[in-house]
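Okay, structure first, notes after.
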Amino acid sequence: MLPISMGKKITAARGDRLRCKGWRQEAILRMLENNLENAEVPDELIIYGGTGKAARDWDCYDVIVKTLKELENDETLVIQSGKPVGVFRTWETSPRVVMANSNLVPHWSNWTKFYELEKQGLMMYGQMTAGSWCYIGTQGIIQGTYETFSSLAKKHYDSDLGGKIVLTGGMGGMGGAQPLAVKMAGGVCIDVDCDEKRIDRRVNIGFCDQKLFDVKETIALAENAKENKTAISIGLVGNCADVFPLLVKQGFKPDVVTDQTSAHDELNGYVPVGYYGDSLKDALTLRKNDPAEYIKRSMKSMMLHCKAMIEFQKNGSIVFDYGNNLRGQALKAGLKNAFDYPGFVPAYVRPMLCVGRGPFRWLSLSGDPEDIKRTDDLVIKLFPKDAILSNWITLAERYIPWEGLPARVCWLAYGDRMIFALAINDLVRKKEIGPIAITRDHLDSGSVASPYRETESMRDNSDAVADWPLLNALLNCAAGADSVQIHNGGGVGIGLSTHAGMVVVCDGTKATDERIKRVFTTDPGIGVIRHADAGYSEAIEVIHRSDLRDPMIP
Ligand code: NAD
């Protein structure tokens, strides 16, 4: 018999009717459904980021749904790489769900072993928020992307991106935020994707202005917009490994170059040179029939792609890696100077992570956009001096379409996260808004070790120390988060990162106030301590002026 949900269009439940024994379980179920509502390839349970999945298979999905509906208020459901494997009696204050996705014993932690186990049905790739049921669509990454481009513009131009051209690749779940983020920062974006449908999707929901097929036409339009300082975004159907080297050869000089193709996965993510548009189906046939040949071509293409980015840099463009391990893959393929350009975290984001500032996200579980608008007003009122925040909320309300359950993301620092979460729970208690789930990206202050990304070039060389995200997850369990997850390989690929996620459900109760006070101390707090431990003075200052305690720091 076929699994019940297979082949069905899954959407998140809305309204105030509970299907579970409490809002904490119901919220987690709605977030799982919301992942699928926003998925890149829902039929295969693929949410985003190459093959980042929400459940091992449709049988597992059905059992997860059933178990969440039956789960008592003092029980914890255990998920092992997308498969429900146990229910334990714990405490009312314990997480309702704990998960471990894609983790392998370090010596075997690579794609080859992973694919072998995946083929045997023993594992699933969880990416970051896919396997942890915290994905909120492309909007989830947009503020991070906007902040990164704005910080770049401030650093290099002491302005916004007005009159600048950004050339990039990839318009998938994460990469699809780039065209809108560049436009919001005033710039011109050319985003190259080999899959026309991905571009259509972003154009249809308002993340990208238009789709073009012709390189010459694209460049002419972009240069004209640059001259007139008009902010526009173009999705160009093409393969980066073809288009980037071609543009170098033609002497085109974009102001900024980066990339968010799914380069972390040479088999199921990146598409080799020569395949785009109509010929994409031939790449998929090659992938299926001759995976070894596909990988060979994919690795060579990533070398060409990365080499072109280095050439752009030599010609004066600002070039940075956007967290997909393109440099690591190119190095593996033989390009010795692949790391000639920096990663986005050391270049633009680390100062924020030092003070525990990170991607705080919240979803309206009732599905009412008015609830999010009410919380938008609240966050601006609570932090009137935070100019970046109020500018962001204004832009978000103007530009960002709703995807699935209405949600918002805004970067908040240590201390502010707890104040805001308590204020949200208070609004829920007063019934001014419906229940809200608070979550975050795994890309955060203390929740990730990823030497080619978030922990690249740490001051004390602790890039590869993976204790911190594990401690983050342990602490969040101890503090009573509603769902806690530990993953391997998000962003950059299997074996290259360890990271953790969490969810807290605001149901308006006093017990949730207590959970919030603890989790929004432990979660960003361990991030501040992680950076203080590495010697960053901004983090040490936060410890000195807050209630955080690090026994090694006087
Ligand atoms: P995705 O799989 O949803 O989309 C990838 C896109 O790249 C697809 O649209 C695909 O058609 C395109 N593509 C693949 N090869 C190409 C090529 N040679 N030329 C042109 N287009 C090509 O992935 P995503 O969710 O958008 O993530 C993109 C990358 O960013 C992944 O490697 C992911 O691991 C990483 N990532 C980044 C962040 C971040 O914060 N920057 C966060 C999570 C993941």
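The values are calculated or read from the model by the stated rules, or taken from the named source; none is laboratory data. It should be emphasised that the depicted structure is a prediction, and the values quoted were computed from it without experimental measurement. Positions of Cβ are generated from backbone atoms using ideal geometry, with glycine treated the same way; all protein chains shown enter the neighbour counts. Accessible surface is based on the protein model in full, side chains and every heavy atom, while ligands, DNA and RNA are left aside. Shrake-Rupley method; radii C 1.70, N 1.55, O 1.52, S 1.80 Å.
Modelled this way, with points 7 Å down the Cα-to-C-beta line, the labels at Glu70 and Glu227 are 6.9 nm from one another. Mind pulling the angle between the C-alpha long axis of helix 467-479 and the longest principal axis of the chain? Nearest 10 degrees, somewhere in 0 to 90. Between helix and principal axis, roughly 30 degrees. Residues whose amide H lies under 5 Å from that of Leu236, counting only those 5 or more places away or on a different chain, are Asp191, Val192, Asp193, Leu212; hydrogens are built 1.01 Å from N in the peptide plane. Using 0.36 nm per residue and subtracting the Cα-Cα separation, the extra length available between Arg374 and Asp460 on full extension is 26.7 nm. As a size descriptor, the averaged projected area of the C-alpha convex hull of region 1-160 was calculated at 13.0 nm². Highest mean first, the peptides 127-134, 218-225, 512-519 sorted by other C-beta atoms within 10 Å per residue fall in the order 127-134, 512-519, 218-225. Couplings 3J(HN,Hα) for region 532-545, derived from phi with the Karplus relation 6.51 cos²θ - 1.76 cosθ + 1.60 (θ = phi - 60°), are 5, 4, 7, x, 7, 5, 4, 6, 4, 4, 4, 4, 5, 9 Hz, where x marks Gly and Pro. Is the shape of region 125-243 rounded, prolate or oblate, going by the alpha carbon gyration tensor and its root eigenvalues a ≥ b ≥ c, with a/c under 1.5 for rounded and a/b larger than b/c for prolate? Since a/c reaches 1.5 but b/c is at least a/b, the shape of region 125-243 is classed as oblate. Amide H contacts of Tyr341: none lie under 5 Å away among residues 5 or more positions distant or on a separate chain (H built 1.01 Å from N in the peptide plane; Pro and chain starts excluded). Equivalent-ellipsoid semi-axes for region 139-342 (Cα gyration tensor, √(5λ), whole Å, largest first): 26, 19, 15. Here the translational diffusion coefficient of region 225-324 follows from Stokes-Einstein with Rh set to the Kirkwood radius across Cα pairs; for 20 °C and 1.002 mPa s it amounts to 147 µm²/s. Here the calculated FRET efficiency for Ile4 and Leu122, from their Cβ-Cβ distance with R0 = 22 Å, stands at 0.40, rounded to the nearest 0.05. Calculated over region 293-379, the projected area of the Cα convex hull averaged across directions stands at 9.7 nm². Summarised as an ellipsoid, region 413-554 has semi-axes of 28, 18, 11 Å, derived from the eigenvalues of the Cα gyration tensor scaled by 5 and square-rooted, with the largest first.
Here the chain has 55 percent of its accessible surface on carbon and sulfur atoms, given a 1.4 Å probe and all protein chains in place. For Ile46, the residues 5 or more places off, or on other chains, whose built amide H falls under 5 Å of its own are Val41. Rounded to the nearest 10 degrees, the angle from helix 369-382 to the longest Cα principal axis of the chain is 90 degrees.
Here is the list for region 200-297: chymotrypsin sites (Phe, Trp or Tyr not before Pro) lying in DSSP coil, each with at most 16 other C-beta atoms within 10 angstrom of its C-beta, are Phe213. Per residue, the convex hull spanned by the Cα atoms of the chain measures out at 142 cubic angstrom. Only helical runs count toward this figure. For the chain, summing -39,500 (n - 2.57) over DSSP H runs of n ≥ 4 and dividing by all residues gives -13000 deg cm²/dmol at 222 nm.
Give me the angle, in degrees from 0 to 90, between the Cα long axis of helix 139-157 and the longest principal axis of the Cα atoms of the chain, rounded to the nearest 10. Tilt of helix 139-157: around 50 degrees.
From the alpha carbon centroid of region 218-243 to that of region 1-53 is 36 Å.
Per residue, the accessible area of the chain comes to 38 Å², computed with a 1.4 Å probe over protein heavy atoms only.
Taken one residue at a time, the phi angles of region 264-277 give Karplus couplings (6.51, -1.76, 1.60, θ = phi - 60°) of 5, 10, 6, 9, 9, x, 6, 10, x, 3, x, 9, 6, x Hz. Gly and Pro are set to x.
Residue by residue, region 107-117 carries 3J(HN,Hα) couplings of 4, 9, 7, 8, 4, 4, 5, 4, 4, 4, 6 Hz when phi is fed to the Karplus relation 6.51 cos²θ - 1.76 cosθ + 1.60 (θ = phi - 60°); x denotes Gly or Pro.
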